[in-house]
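Some notes on the structure that comes next.
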Amino acid sequence: MDNTTRYERLRERYQNGDLDRRSFLGLIGAAGLAYGVQTPFAKYANAQSVSQVRFDGWGGVVSEAFREHAFDPYTAETGIEVVDGTFSGGDEYLAQVRASQPGEYNIAHLSGVFDYARYHNFELTTALNLDNIPNMELVMTRLIEPYRAVTPDALSAVPYDYGTTGLAYNRKYISDEEMREKGASILIDEAYKGKIGGWSDWRTRVWYGALQTGQDPNNIEDMDAVWDAIRQHRDLALKYWGSGAELMSLLAEEEIYVTEGWSGRIAALQEQGHDIGYYDPPNGFGWQECLFVIKGSPVEACEELLNFMLAPETSIAVAEGQNYPPALDGTKVDLGDKIPTLPAYDPTGTLSGLTFADPQYWNGNEAEWSKTFGRVQKGY
């Protein structure tokens, strides 16, 4: 009997309830050691010191999808508990990680390449062994390349999903035609004063300020005009929202009629029956997210979790749950019926229709722009 067959039979016994978890892991480890093979869970059967991995993400429906479709099944198979935390903003979370002890934080669901570059600049990266993450072969090359540009020798993260921050609007008050006509400028339209929202994130505010002044967000030439547009939006807005849950509540309760919003959260509102439209204006904000392994973490356990989460059955289930397309290449993997209908989905695997932030440009301006937005947000 080959080891693969032996492993499959043991797993079947475990899933049928004939073996408890400890016995299952022990037998798997023994089988691998007896035949000189490192089976998927053998290292955990003989390294019981790794009992949990911490994962931090954006909360709400995203965390619910991770918990149901990835974390709980992973724990059932490995015996390693996934402790999940949430954060509402990347800047605050980075500050917490930098102030923590090594190993306190393990995996973070970060917002793409500029976060990846920031963590690398603070020496928070680790070196993943991609041989332990074979499902990386199914990920779109276009999503991997920007990370390799930052850390050519080794990756500290795997791409996981992507989406856009587009314009969300209540069709009861704003038509599709009006939205296409006005685009980003609708967020500074006096007609909707007090019914406008916006994310309290300096990058998003600057990006939309650039669109509202007819500029390329990755090459802004008149920042004074951008800050004027941001102030105009601030004065017309009911409030800034700080989380996806708050975004959804404001739209669902009709406290606001229009805001920029995350494509997956708007898709979730539409599924709930709310007549919320969604529109990506030209040069709209495209982004990708990664699962980043923080320096000091139990790397092998994290690699196992990342590979589990990239497996098509897991990745597709999470994507359907959180309403963001997965990083998997649709030309390599059958992604089912729902994912091709999601906002921002690219069936070609090239993502040529999305505009991403230039990490060098945005990180280079972070100190000045984030400080200025802090003052503008307070009314200056």
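The values are calculated or read from the model by the stated rules, or taken from the named source; none is laboratory data. Note that the structure is predicted; figures quoted are calculated from it, not measured. Cβ sites come from the backbone with ideal geometry, for glycine too, and all protein chains shown count toward neighbours. These area figures cover heavy atoms from the full protein model, side chains too; ligands, DNA and RNA do not enter into them. Shrake-Rupley method; radii C 1.70, N 1.55, O 1.52, S 1.80 Å.
I'd like the residue in segment 252-268 that is assigned to a helix (DSSP H, G or I) and in contact (Cβ under 8 Å) with a residue 40 or more places away in the chain and, out of all such residues, is surrounded by the most Cβ atoms within 10 Å (Cβ to Cβ). Before the answer, list the steps.
Here is the first cut: in segment 252-268, the ones assigned to a helix (DSSP H, G or I) are 252, 263-268.
This time we only want the ones that are in contact (Cβ under 8 Å) with a residue 40 or more places away in the chain, so: 263-268.
Numbers: 263: 26, 264: 26, 265: 26, 266: 28, 267: 22, 268: 21.
Per the criteria, the residue is 266.
Give 299, 376 a once-over and let me know the one that is in contact (Cβ under 8 Å) with a residue 12 or more places away in the chain, closer than 28 Å to residue 218 by Cα and of a type in the set (A, V, I, L, M).
Among 299, 376, only 376 is in contact (Cβ under 8 Å) with a residue 12 or more places away in the chain, closer than 28 Å to residue 218 by Cα and of a type in the set (A, V, I, L, M).
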Considering segment 136-181, residues that are open to solvent by 30 Å² or more (accessible area, probe 1.4 Å) and among the polar types (S, T, N, Q), and then whichever is modelled with the highest pLDDT, we arrive at 175
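In this structure, does residue 364 turn out to be within 21 Å of residue 211 (Cα to Cα) and over 16 Å from the mean Cα position of the chain (by Cα)?
On the way: within 21 Å of residue 211 (Cα to Cα): yes; over 16 Å from the mean Cα position of the chain (by Cα): yes.
In short, yes.
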When you scan segment 325-334, do you find a residue that is of a type in the set (A, V, I, L, M, F, W, C), crowded, with 20+ Cβ neighbours inside 10 Å and modelled with pLDDT of 95 or more, even just one? yes
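Do we have residue 147 as in contact (Cβ under 8 Å) with a residue 40 or more places away in the chain and part of a helix (DSSP H, G or I) here? It would help to see each step written out before you state the result.
Details: in contact (Cβ under 8 Å) with a residue 40 or more places away in the chain: yes; part of a helix (DSSP H, G or I): yes.
Yes: the conditions hold for residue 147.
Of all residues being β-branched (Val, Ile, Thr) and open to solvent by less than 50 Å² (accessible area, probe 1.4 Å) in segment 339-360, which is farthest from residue 232 (Cα to Cα)? Just the residue, please. If you could, list the steps in order and put the result at the bottom.
Of the residues in segment 339-360, the ones β-branched (Val, Ile, Thr) are 339, 341, 348, 350, 355.
Those still in the list that are open to solvent by less than 50 Å² (accessible area, probe 1.4 Å) too: 339, 355.
Working: 339: 37, 355: 25 Å.
Here the answer is 339.
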When every residue in segment 225-251 that is in contact with a helix residue (DSSP H, G or I) (Cβ under 6 Å, 6 or more places away or on another chain) and small (Gly, Ala, Ser) is compared, the one most open to solvent (accessible area, probe 1.4 Å) is 245
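Taking only segment 330-362 into account, find how many residues are aliphatic (A, V, I, L, M) and within 12 Å of residue 286 (Cα to Cα). Before you say what the answer is, go through the steps one by one.
As a first pass, look at segment 330-362 and keep what is aliphatic (A, V, I, L, M): 333, 335, 339, 342, 344, 351, 354, 357.
Filter again for within 12 Å of residue 286 (Cα to Cα), leaving 344, 351, 354, 357.
Of the residues in segment 330-362, 4 are aliphatic (A, V, I, L, M) and within 12 Å of residue 286 (Cα to Cα).
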Note: among 363, 283, just one is open to solvent by 20 Å² or more (accessible area, probe 1.4 Å), under 19 Å from residue 112 (Cα atoms) and in a helix (DSSP H, G or I), namely 363
